[in-house]
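The values are calculated or read from the model by the stated rules, or taken from the named source; none is laboratory data. Note that the structure is a prediction, hence the values are computed from the model and not measured. Glycine also receives a Cβ, built like all others from the backbone with ideal geometry; neighbour counts cover every protein chain displayed.
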Amino acid sequence: MTERRRYGKLTFSQESALVKYVSGREVHDLGCGTNTPMVQTLLDCGAATVIAVDKEPSSMSLPKRVTYVQSTLRDYNPASIDVALLSWPLNNEIDGLFGLVSKARVLIYLGKNTDGTACGTRILFEHMVRRRLLVHKPHPKNTLIVVGDPLGHPRKPTDEEWAGIDQSEIYAYGIPKKESADGP
């Protein structure tokens, strides 16, 4: 697998971790953008098919095994989602996003909430900490989190999730947060 530049770099370790969760599966890249390199990364990691969803028309030449769906997330309504990918999601509510990630058996998050960046909403991270943590691969520029089955209660959030839940202060990469008496 080759290293590619995105908003941050996916490390070889992060790409290797993706293989287990996308190989042979249908992956829905929610809010993929109009020319995303993540589609090729998902294919390189063995995805059987990629459903790339974005509200804008596609400007990319589609490889085989990729279907581009021009749709808002609110209007996109697949019967089921095996694997959903959110790569650098907006940090404001996106109508329809929560329903889609709730449907996903596996949810893959790529983004950053530390060092002054914000990627994703509080409701997204509160949802994520109520699912089993499968992978957490932090990096100063691009963190990978994969969550699976719902849990009966919230688990301890990763630093990235905590920074997404508590956006009242800036958390620095690699510096542990102060423990909160109330926690999520």
Within region 67-81, restricting to residues that are in contact with a His (Cβ under 9 Å, 6 or more places away or on another chain) and part of a loop (DSSP other than H, G, I, E, B), the one that is surrounded by the most Cβ atoms within 10 Å (Cβ to Cβ) is Y76
The lone condition G120 fails out of (1) over 16 Å from A84 (Cα atoms); (2) of a type outside the set (D, E); (3) part of a loop (DSSP other than H, G, I, E, B) is (1)
Sole miss for K64 among (1) surrounded by 15 or more Cβ atoms within 10 Å (Cβ to Cβ); (2) part of a loop (DSSP other than H, G, I, E, B) is condition (1)
What about L90, is it out of contact with any helix residue (DSSP H, G or I) (no Cβ under 8 Å at 6 or more places or on another chain), touching a residue at least 40 places away in the same chain (Cβ under 8 Å), farther than 19 Å from A48 by Cβ and part of a helix (DSSP H, G or I)? no
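Taking region 95-113, which residues are buried (at least 20 other Cβ atoms within 10 Å of the Cβ) and of a type outside the set (S, T, Y)?
L97, L100, V101, A104, V106, L107, I108, L110, G111, K112, N113
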Open item on the list: Among the residues of region 107-117, are any among the polar types (S, T, N, Q), touching a Gly at 6+ places or on another chain (Cβ under 6 Å) and farther than 19 Å from L43 by Cβ?
Closed with: yes
Scanning region 59-85 residue by residue, those hydrophobic (A, V, I, L, M, F, W, C) and closer than 23 Å to D44 by Cα turn out to be M60, L62, V66, V69, I81, V83, A84, L85
Checked V101, V106, V22 against criteria (over 24 Å from I165 (Cβ atoms), in contact with a strand residue (DSSP E or B) (Cβ under 6 Å, 6 or more places away or on another chain), touching a residue at least 24 places away in the same chain (Cβ under 8 Å) and of a type in the set (V, I, T)); the one match is V22
Among S13, S23, S59, the single one that is over 22 Å from A118 (Cβ atoms), among the polar types (S, T, N, Q) and either in contact with a Pro (Cβ under 7 Å, 6 or more places away or on another chain) or at pLDDT below 80 (or both) is S59
Of the listed residues (A52, A84), the one being buried (at least 21 other Cβ atoms within 10 Å of the Cβ), of a type outside the set (V, I, T), at pLDDT below 95 and not in a loop (DSSP other than H, G, I, E, B) is A52
Counting only residues in region 10-49 that are of a type in the set (A, V, I, L, M, F, W, C) and part of a loop (DSSP other than H, G, I, E, B), the one farthest from S80 (Cα to Cα) is identified as L10
The lone condition A172 fails out of (1) among the hydrophobic types (A, V, I, L, M, F, W, C); (2) farther than 19 Å from T11 by Cα; (3) at pLDDT 85 or above is (3)
Checked A163, A118 against criteria (modelled with pLDDT under 90, farther than 25 Å from R25 by Cβ, touching a Phe, Trp or Tyr at 6+ places or on another chain (Cβ under 8 Å) and among the small types (G, A, S)); the one match is A163
